[in-house]
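A.B. asks: Quick one: the structure is below, and I'll ask about it shortly.
The values are calculated or read from the model by the stated rules, or taken from the named source; none is laboratory data. Only a predicted model underlies this, so the values are computations on that prediction, with no experimental measurement involved. In this analysis, Cβ positions are derived from the backbone assuming ideal geometry, glycine residues included, and neighbour counts consider all displayed protein chains.
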Amino acid sequence: MKIAIVGLGVAGSYLMRRLAQDYEVVGFERQPIETFKAVCAWGTSRHEMNRILRLVDFAFEDYVLHEGRYMHVDLGREVLHIPLKGLCTYDKHRLEMDLVKGLKAFYGVKPSLEDLVKRFDLIVDATGVARAYLPKIVGDEVIPCLEYRVDYSGAPPLEDFYIKPFPDDTGYLWYFPLDNGSGHVGAGDVRRAHIQHVEEFMRRHPGRRLVKMGRAIRFTPPSRCRPFVSGKVVGVGESIGTVFPLLGEGIIPSLHSAEILYETLPDLNEYERRILEEFEIFEDIHRLVKLKHIGKLSLVRDFPIIYRAFTYMKNREERFGLVIRAGDLRKILKN
Ligand SMILES: Cc1cc2nc3c(=O)[nH]c(=O)nc-3n(C[C@H](O)[C@H](O)[C@H](O)COP(=O)(O)OP(=O)(O)OC[C@H]3O[C@@H](n4cnc5c(N)ncnc54)[C@H](O)[C@@H]3O)c2cc1C
């Protein structure tokens, strides 16, 4: 089978290496290689990343930039200090480049669907939020984000992970430390106040802005991102909504979807079934966050869904890289 992978971000670059073990694979990426940006805050859990990358003989540890001890969650009147269990930042740009090294990949190109259909048996849409090759999603929800990579010349404003949720959890501001006193400062907000929040932070903590990144993040869960398959095209990663709706965390879920495609190929019906099963909880969590956005979340009436979200995360502390405590979740949801 001859496979084209379009979009060489997290999911596409991993899938290139994974599929190249068994198939003829060609990769395409619209960004030129010299200016390629891995738009993201680069935060993830080292345990799960180690496990996944071992499947392609990569050592995730070689890419770690900052190993976190605490996530400081600023609720205004109170700051929660959540102990971490493997949350780190890593050099996402270098890993994405290394994963495709030695394979047949073209940068700075946006191939047409017609051309791809003629030349390949299967086309993987790994274009993230762009979802360039699958039909548009009806009622798609995306959250606009702005982020800077900032150089603080060895004197960063904060030593560890920091987030400040906005009222009604419509988004949050983050500071994620990188290496050598630099960090990612960003925000995403449904109410579109993200730019104002980032600029306020930058006024309080001025540093040298190295890279500016503006991109939306998909909030629609996989169950509402169908079809996953259309003609010869199949979607992986954020193109089919693999972003954990409570956190906007998409690296690990996107890799999980890529691995499911690898495991189920060539059976695309089985792929769809496995994706819906794996990400079923995202539908619940999406509902929970939406209720919070519109000020209608009741800690009593909606307890079953809150409990499901809590147990899902509690049972996967190493996967999320955080110690999950009921008290923290209650305070964040009540904020
Ligand atoms: C500002 C921001 C910060 C984030 N921070 C985190 C974080 O700290 N941790 C976390 O887990 N998640 C984070 N996320 C989410 C995470 O980055 C994404 O969910 C994840 O990268 C999705 O992986 P993907 O491979 O599906 O898509 P992407 O990584 O977005 O890759 C898609 C690729 O496709 C390319 N492309 C697009 N259209 C075309 C086309 N027509 N032709 C060819 N190529 C194309 C793009 O250039 C891109 O390289 C963040 C998102 C944003 C926006």
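A.B. asks: Restricting attention to the range 128-180, which residues are touching a Phe, Trp or Tyr at 6+ places or on another chain (Cβ under 7 Å) and over 26 Å from PRO83 (Cβ atoms)?
C.D. replies: The answer is GLU141, VAL142, ILE143.
A.B. asks: Also: Consider GLY186 carefully, then state whether it is surrounded by 24 or more Cβ atoms within 10 Å (Cβ to Cβ), of a type outside the set (D, E, K, R) and touching an Asp or Glu at 6+ places or on another chain (Cβ under 7 Å).
C.D. replies: Yes, satisfied.
A.B. asks: Sticking with this structure for a sec: Which residues, taken from the range 225-241, are over 18 Å from the mean Cα position of the chain (by Cα) and at positive phi?
C.D. replies: Answer for the range 225-241, where residues must be over 18 Å from the mean Cα position of the chain (by Cα) and at positive phi: just GLY231.
A.B. asks: I'd like the residue in the range 257-270 that is within 16 Å of the ligand (Cβ to nearest atom) and either of a type in the set (Gly, Ala, Ser) or more than 20 Å from the chain's Cα centre (by Cα) (or both) and, out of all such residues, is farthest from THR242 (Cα to Cα). Steps first, please.
C.D. replies: Step one: of the range 257-270, the residues within 16 Å of the ligand (Cβ to nearest atom) are 257-262.
In the following step, the residues that additionally are either of a type in the set (Gly, Ala, Ser) or more than 20 Å from the chain's Cα centre (by Cα) (or both) were identified as 257-258.
On the way: SER257: 7, ALA258: 10 Å.
Checked the range 257-270; the qualifying residue farthest from THR242 (Cα to Cα) is ALA258.
A.B. asks: Okay, next question. I'm trying to understand the selection: among the residues of the range 202-215, which are surrounded by 16 or more Cβ atoms within 10 Å (Cβ to Cβ) and in contact with a helix residue (DSSP H, G or I) (Cβ under 9 Å, 6 or more places away or on another chain)?
C.D. replies: Answer for the range 202-215, where residues must be surrounded by 16 or more Cβ atoms within 10 Å (Cβ to Cβ) and in contact with a helix residue (DSSP H, G or I) (Cβ under 9 Å, 6 or more places away or on another chain): just ARG215.
A.B. asks: Take ALA4 and tell me if it is within 11 Å of the ligand (Cβ to nearest atom), at pLDDT 95 or above, under 26 Å from ILE260 (Cα atoms) and part of a helix (DSSP H, G or I).
C.D. replies: Criteria not met by ALA4.
A.B. asks: Here is a follow-up. Could you check the range 211-233 and list, in sequence order, the residues that are assigned to a strand (DSSP E or B) and within 13 Å of the ligand (Cβ to nearest atom)?
C.D. replies: Across the range 211-233, the qualifying residues are VAL211, LYS212, MET213, GLY214, ILE217, ARG218, VAL233.
A.B. asks: Can you find even one residue in the range 106-116 that is among the hydrophobic types (A, V, I, L, M, F, W, C) and either in contact with a Lys or Arg (Cβ under 6 Å, 6 or more places away or on another chain) or modelled with pLDDT under 95 (or both)?
C.D. replies: Step one: list which residues in the range 106-116 are among the hydrophobic types (A, V, I, L, M, F, W, C), which gives 106, 109, 113, 116.
Checking the rest, the ones that are also either in contact with a Lys or Arg (Cβ under 6 Å, 6 or more places away or on another chain) or modelled with pLDDT under 95 (or both) come to none.
No, the range 106-116 has no match at all.
A.B. asks: Looking at the range 1-27, which of its residues are among the aromatic types (Phe, Trp, Tyr) and closer than 15 Å to MET97 by Cβ?
C.D. replies: Selection gives TYR14 alone.
A.B. asks: Got a number for residues in the range 242-251 being assigned to a helix (DSSP H, G or I) and surrounded by fewer than 21 Cβ atoms within 10 Å (Cβ to Cβ)?
C.D. replies: Within the range 242-251, the subset assigned to a helix (DSSP H, G or I) is 251.
Imposing the further condition that a residue be surrounded by fewer than 21 Cβ atoms within 10 Å (Cβ to Cβ) reduces the set to none.
Count: 0.
A.B. asks: Same structure again: What is the one condition in (1) under 20 Å from TYR133 (Cβ atoms); (2) of a type in the set (A, V, I, L, M); (3) modelled with pLDDT of 95 or more that ILE33 does not satisfy?
C.D. replies: The one condition ILE33 does not meet is (1).
A.B. asks: Which residues, taken from the range 238-255, are in contact with a Phe, Trp or Tyr (Cβ under 9 Å, 6 or more places away or on another chain) and closer than 19 Å to ALA4 by Cα? Give the derivation first.
C.D. replies: Initially, the range 238-255 is screened for residues in contact with a Phe, Trp or Tyr (Cβ under 9 Å, 6 or more places away or on another chain), giving 239-245, 247-255.
Answer for the range 238-255, where residues must be in contact with a Phe, Trp or Tyr (Cβ under 9 Å, 6 or more places away or on another chain) and closer than 19 Å to ALA4 by Cα: SER239, ILE240, SER254, LEU255.
Residues are listed down the side, and each one gets a yes or a no for (1) in contact with a Gly (Cβ under 6 Å, 6 or more places away or on another chain); (2) acidic (Asp, Glu); (3) closer than 30 Å to ILE3 by Cα:
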position: ASP125; (1), (2), (3): yes, yes, yes
position: ALA130; (1), (2), (3): no, no, yes
position: GLU141; (1), (2), (3): no, yes, yes
position: PRO144; (1), (2), (3): no, no, no
position: GLU147; (1), (2), (3): yes, yes, no
position: ILE163; (1), (2), (3): no, no, no
position: ASP179; (1), (2), (3): no, yes, no
position: VAL185; (1), (2), (3): no, no, no
position: GLY188; (1), (2), (3): yes, no, no
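A.B. asks: Any idea which of GLU272, GLU280 is within 18 Å of GLY128 (Cα to Cα), acidic (Asp, Glu) and in contact (Cβ under 8 Å) with a residue 40 or more places away in the chain?
C.D. replies: When all the criteria are applied, what remains is GLU272.
A.B. asks: Output the residues belonging to the range 98-119 that are more than 11 Å from the ligand (Cβ to nearest atom), surrounded by 13 or more Cβ atoms within 10 Å (Cβ to Cβ) and part of a loop (DSSP other than H, G, I, E, B).
C.D. replies: Answer for the range 98-119, where residues must be more than 11 Å from the ligand (Cβ to nearest atom), surrounded by 13 or more Cβ atoms within 10 Å (Cβ to Cβ) and part of a loop (DSSP other than H, G, I, E, B): just LEU103.
A.B. asks: Can MET71 be described as in a helix (DSSP H, G or I), closer than 21 Å to ILE217 by Cβ, within 14 Å of the ligand (Cβ to nearest atom) and touching a residue at least 12 places away in the same chain (Cβ under 8 Å)?
C.D. replies: On the way: in a helix (DSSP H, G or I): no; closer than 21 Å to ILE217 by Cβ: yes; within 14 Å of the ligand (Cβ to nearest atom): yes; touching a residue at least 12 places away in the same chain (Cβ under 8 Å): yes.
Here the answer is no, as MET71 does not meet what is asked.
A.B. asks: Considering only the range 7-62, how many residues are closer than 16 Å to TYR90 by Cα, near the ligand (Cβ under 10 Å from one of its atoms) and assigned to a loop (DSSP other than H, G, I, E, B)?
C.D. replies: Number satisfying all stated conditions: 7.
A.B. asks: May I ask you to list pairs of residues, at least six apart or on different chains, whose Cβ atoms are under 8 Å apart, with the first in the range 303-327 being over 19 Å from GLY43 (Cα atoms) and the second being of a type in the set (Asp, Glu)?
C.D. replies: Between residues of the range 303-327 that are over 19 Å from GLY43 (Cα atoms) and residues that are of a type in the set (Asp, Glu), the close pairs are ILE305/ASP284; ARG308/ASP284; ALA309/ASP284.
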